[in-house]
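Step one of this worksheet: look at the structure below.
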Amino acid sequence: SMHGRDGAGDQLQCSAAVERLNAAGQAIKRQVIRKATVLLGRNEFQEIIIRIEDGKVPQSYVLKEFKLFTKFVKEGKCTVQLLPENIQLLISNCPPDQLNVFLKTLSIKHQAWQTLKPLTYRDKLKAALPRSFETISPLQQRDVQKANELRSKATSKGLADRTNNTMRTVPGQQVKRPRSDCDFSPSKANPSKRPVLSLPAARKLNKEQAAVLTAVLSGKNVFFTGSAGTGKSFLLKRIVGSLPPKSTYATASTGVAACHIGGTTLHSFAGIGSGAAPLEQCIELAQRPGVLPHWTLCRHLVIDEVSMVDAPLFDKLEAIARSVRRSTEPFGGIQLIMCGDFLQLPPVSKGKEKAAFCFQARSWRKVIQVNMELTEVRRQTDQSFISLLQAVRVGRVTEEITAKLMESAYHKIERDGILATRLCTHKDDVELTNENKLKQLPGSEHVFEALDSDPSQVKTIDAQSPVSRALQLKVGAQVMLTRNLEVERGLVNGARGVVLGFEPGKQGLPRVRFLCGATEVLKRERWMFKVGGGLYVSRQQLPLKLAWAISIHKSQGMTLDCVEISLARVFECGQAYVALSRAKTLEGLRVMDFDPRVVRADPDVLLFYKQLRKERLLMQASMDEFVGRKKKDNHLR
Ligand SMILES: Nc1ncnc2c1ncn2[C@@H]1O[C@H](COP(=O)(O)OP(=O)(O)OP(=O)(O)O)[C@@H](O)[C@H]1O
Ligand SMILES: [Mg+2]
């Protein structure tokens, strides 16, 4: 397949434009290639070549002196300016992860190449080698080493800028701080501060996850499931990073879940309000100016926490897609990539009747081509706790499990002034608890107002944002981190902490001690939200929320350090499982009043999973097919 070597760093699938510039840097000629393959390779003299293919005549450029513009890599865009040639290559609509590895490869290979003695024109003539092009080999530690050696030499001699002034992010694009995930912005003023280069640090997918990614990249409609903590959302993020950004929409059934994967809610993608209106009316709503482009531009629709999408909504979306896109294919030909665990929270029921699951939708079978399951739990490591959770998931609570969970009521979880977060079945309890606990603390309240880029969109932002418009804090407030700040230090989304104090000065930023041991002064972070018509709005706020209590519904998808659960008022199948499976360890969990009767698995779901499992042969076969095809591809190269 086209993606056979995805991640190897030697090629891009993207749109490209080649511009010839005049002396003033203005484009005098422009050629656009909508569907391009950009290859990184070497010629017969081991020089680095960028080659652009459009299926006809490839264009090649030797990479000698160039500038890189990398501010928008996350949106799949970058520009390479070839200085001697006065040409610039504008790359867009490229899978961001692919672009990231490509640029890193390009940058490091180029720096390593600079350590070689340059060949003169005469040398080249004398060598009389036949012309050749070979794709570049994947980055290796020795490339990185060479590049770093060169950097440190250059720094110690103060020569950094002779070799490097061709290789920096261009100030014309207002680059304020270096990008976090690519090292293309060495600071000119102080070369010794330049970060040491390293291999791309993407955490590896396991085999199952990789097989799902391969299935997705083959273009099939994929549903994948797996128990809590098997890395579904983790993988979904990687999938989004591997697809072309212009035609990929990342969504989830709830705002919190959407935020985990950096997307929007399914409802805001669809633009049909609650979706309760009759189909005809929904089709009209979906064609409003701000919404229509979602439906027409979308080729890959990603949905997390699909267990909370109900059958009528699923069928409606499917019908809207066909109608708006004037296509008879299932879902109007949009590739669907969905994941979730139907043994977690079900769709919210309207009225008394139980809501139907989306796998019970009429169009489900027509749409889904591949079903897959992740089985390796990553959130917990203790095997006996994992088994306990697996049993709870399917509603099989043994006496041993009951005993263990009842015992947990005596767990002392409090450490360093950090209390357990109470997971509540009902939303009202959450707000009351947090308000009251904050009130009861002595000391003055510090209020942090959010800065929204467009205050008229405050409702949209509130619906999707993990942080509130106004955050009230006091010394001693129990808080939770709402964003990954530094994964290595344990400063991750869901990490629990306590406010120790406030920094002096006007801003008075809070100093927080976290359970992982780190103490950190938190600054405002920026969240971006897609609103209609490809527009973005942002909110800046501290990455914190009060954490005496959160609702089980809001905890879906989270990983939590220390939790206390009261299950007396559980009202849904799967609700107890969601709550219990947030904890990383049994020791970090306290169940106040465990009663095995609150653990219920929906019989419809159990049946659905049983059927899927029966058909697993089919699924395994299709998995082998993907893996097999991939191998063959590599072989051919
Ligand atoms: N391949 C991986 N390498 C490293 N960490 C991983 C990997 N896959 C998952 N994880 C980690 O495992 C934890 C659980 O993953 P994630 O939240 O994606 O699970 P999930 O299946 O979406 O769970 P839930 O059903 O509760 O939403 C996260 O901390 C995630 O970073
Ligand atoms: Mg998840």
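The values are calculated or read from the model by the stated rules, or taken from the named source; none is laboratory data. Source: prediction; values computed, not measured. Heads up, the Cβs are rebuilt from the backbone with ideal geometry, glycines too, and the neighbour counts pull from every protein chain shown. Accessible surface areas use protein heavy atoms only, side chains included; no ligands, DNA or RNA. Shrake-Rupley method; radii C 1.70, N 1.55, O 1.52, S 1.80 Å.
Assorted remarks:
- Of the residues making up the stretch 236-248, those that are open to solvent by 30 Å² or more (accessible area, probe 1.4 Å) and either touching a Cys at 6+ places or on another chain (Cβ under 6 Å) or within 16 Å of ligand 2 (Cβ to nearest atom) (or both) are Lys237, Arg238, Val240.
- Residues in the stretch 454-492 that are of a type in the set (A, V, I, L, M), open to solvent by less than 20 Å² (accessible area, probe 1.4 Å) and in a loop (DSSP other than H, G, I, E, B) were compared, and the one that is farthest from ligand 2 (Cβ to nearest atom) is Ala477.
- Residues being away from ligand 2 (no atom under 16 Å from the Cβ) and open to solvent by less than 10 Å² (accessible area, probe 1.4 Å) - total across the stretch 553-574: 4
- Count of the stretch 54-93 residues which are hydroxyl-bearing (Ser, Thr, Tyr), more than 22 Å from Arg299 (Cα to Cα) and not in a loop (DSSP other than H, G, I, E, B): 3
- Thr230 vs. criteria part of a loop (DSSP other than H, G, I, E, B), in contact with a Ser or Thr (Cβ under 7 Å, 6 or more places away or on another chain) and open to solvent by less than 10 Å² (accessible area, probe 1.4 Å): yes
- The listed residue being touching a residue at least 12 places away in the same chain (Cβ under 8 Å), among the aromatic types (Phe, Trp, Tyr) and within 16 Å of ligand 1 (Cβ to nearest atom), out of Phe314, Phe342: Phe342
- Among (1) within 12 Å of ligand 1 (Cβ to nearest atom); (2) modelled with pLDDT under 95; (3) assigned to a helix (DSSP H, G or I), the one test that Ile239 misses: (2)
- Residues considered: Ile320, Ile337. Of these, the only one that is buried (at least 18 other Cβ atoms within 10 Å of the Cβ), among the hydrophobic types (A, V, I, L, M, F, W, C) and within 16 Å of ligand 1 (Cβ to nearest atom) is Ile337.
- The stretch 455-467 residues that are modelled with pLDDT under 85, paired with ones that are surrounded by fewer than 17 Cβ atoms within 10 Å (Cβ to Cβ) (beta carbon under 6 Å, 6 or more apart): Thr460/Val531
- The stretch 345-358, residues that are aliphatic (A, V, I, L, M) and either at positive phi or away from ligand 1 (no atom under 16 Å from the Cβ) (or both): Val348, Ala355, Ala356
- Leading residue by the ranking (farthest from ligand 1 (Cβ to nearest atom)) among those in the stretch 249-260 that are open to solvent by less than 10 Å² (accessible area, probe 1.4 Å) and not in a helix (DSSP H, G or I): Thr251
- Cross-chain or 6+ apart pairs with Cβ under 8 Å, the stretch 262-290 first and without any contact (Cβ under 8 Å) to a residue 12 or more places away in the chain and within 29 Å of Ile239 (Cβ to Cβ), then open to solvent by less than 60 Å² (accessible area, probe 1.4 Å) and not in a helix (DSSP H, G or I): His267/Gly273; His267/Gly275
- Set Arg203, Arg288: member being modelled with pLDDT under 95, more than 23 Å from Ser465 (Cα to Cα), within 16 Å of ligand 1 (Cβ to nearest atom) and assigned to a loop (DSSP other than H, G, I, E, B): Arg203
- Residues that are in contact with a helix residue (DSSP H, G or I) (Cβ under 6 Å, 6 or more places away or on another chain), closer than 18 Å to Gly574 by Cα and assigned to a helix (DSSP H, G or I), drawn from the stretch 362-388: Leu388
- Test: Ala277 is in contact with a strand residue (DSSP E or B) (Cβ under 7 Å, 6 or more places away or on another chain), not in a strand (DSSP E or B) and not β-branched (Val, Ile, Thr): no
- Candidates are the residues of the stretch 207-227 that are of a type outside the set (S, T, N, Q) and in a loop (DSSP other than H, G, I, E, B); the one that is nearest to ligand 2 (Cβ to nearest atom) is Lys220.
- Residue within the stretch 41-52 that is under 28 Å from Lys204 (Cβ atoms), in contact with a Lys or Arg (Cβ under 7 Å, 6 or more places away or on another chain) and surrounded by fewer than 22 Cβ atoms within 10 Å (Cβ to Cβ) present: yes
- Ser233 vs. criteria within 16 Å of ligand 2 (Cβ to nearest atom), within 14 Å of the chain's Cα centre (by Cα) and among the hydroxyl-bearing types (Ser, Thr, Tyr): yes
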